[in-house]
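The structure under discussion appears below in the form of structure tokens.
Bear in mind that the values in this text are calculations on the coordinates, not laboratory data. Treat the numbers as computed from the prediction; the structure is a model and nothing was measured. Here the Cβ positions follow ideal geometry from the backbone for every residue, glycine too, while neighbour counts run over all protein chains shown.
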Amino acid sequence: MGLAGAPWGAALGVWLCMVPALALAMDRLFGEPPARWHPVVWMGRYLAWAGRWIAPAADAPQSENGDLRAFLRGALAWCAGAVVLVVLAWLVQVGVLRLPDWAAVPMFALLLKPLLAWAMLHDEVLAVQQALADSLDEGRAQLARLVSRDVVQLDATEVRESAIESLAENLNDSLVAPLFWFALLGLPGAVLLRFANTADAMWGYRGVRAGRDFRRAGTWAARADDVLCWLPARLTALLIGALGGLRGWRRLPREAARTPSPNGGWPMGAMALVLGVRLGKPGVYVLGEGARAPEPADLLRACAIASRAAVAATLLACAGVALWA
């Protein structure tokens, strides 16, 4: 009963467990929908508009009251957006559950699919190695599509490290976490998680962006994303480790703690330990310190391990939906 918020027949409950697998298949076969139909793009437009209101100009005088106002505005704008989206998702879900069984299941998958971005992530990461084979500049340009860090000064090894890190961390954000919350709360849960991810990416930046100071304005968004991703990030690390043959499990918490993020270090640390390589962000952290630098084969192996983890996460989500149904 947890997924729907309304009763459904036993037969529909059985078929609902197929929704995560069907959504993943759609993701692989069809990729991302056009921007004008993409719910994450709509979220981004709202966040861009609200961001100009919540964050003060970078050159504005700083004060304690100003910091508090920026924080409260950021919290209010985040909560307003989240409430509207969750209510809309719940209304859509209730409407879908009134459809015949044969129509409800594919419709659920069609609605869930835009909240997943695994195929795009996998292909973009794989393209980094293909671009590096042509030239360092092309590898940097491809990596810039994945990360927000400055890539201009990165050498080939650092480009490869960043790509593997992005794959591991975003496996959680792009697949495991939305499936986790879908299994628990249905479509509203997946929508809330994706909104939190997008808000963290756009507002959680610790500094100035587009002439606006988000250091206080984005605090709520950053912490909300941390809370919602706390358990999924550790589940992602568990899947990477288990499917990659990790033996040094005791080292994982120590590696995860090296990153500023309370969540990102878990899947990244697991991937570093599984591959037996060093991963890091220059001047910020190093995972697997003392290990060898990643080679082209390591990036390919990372993609293979993450693919297995994606399938396993989807099957777990199917089991979770079946349990609730």
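The table below lists the values:
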| quantity | calculated |
| --- | --- |
| GLN130-VAL84 FRET efficiency (beta carbon distance; Förster radius 41 Å; 0.05 resolution) | 0.50 |
| Modelled FRET efficiency - R0 30 Å, ALA60 with GLN153, Cβ distances, 0.05 increments | 0.45 |
| Value of [θ]222 nm, deg cm²/dmol, for the chain, DSSP H segments ≥ 4, -39500 (n - 2.57) each, nearest 500 | -22000 deg cm²/dmol |
| Cα centroid separation, the range 47-82 to the range 164-182 (Å) | 28 Å |
| Contact order normalised by residue count of the chain, Cα under 8 Å, 6+ apart, percent | 26 percent |
| Under 10 Å, Cβ to Cβ, from ALA57 - net charge with Lys/Arg +1 and Asp/Glu -1 | 0 |
| Residues in the range 61-97 reached by a label modelled at ARG223 [backbone nitrogen below 11 Å; 7 Å Cα→Cβ] | 71-72, 75 |
| Burial order of peptide ranges 101-109, 235-243, 87-95 (average beta-carbon count within 10 Å, highest first) | 235-243, 101-109, 87-95 |
| Sorted by Cβ neighbour density within 10 Å, fewest at the top, the residues GLU295, GLU255 | GLU295, GLU255 |
| Listed values (1) 0.95; (2) 0.98; (3) 0.93, entry calculated as Rg/Rh (Cα atoms, Kirkwood Rh) | (2) |
| Approximate spin-label separation ASP123-ALA319, in nm, with each point projected 7 Å along Cα-to-Cβ | 3.0 nm |
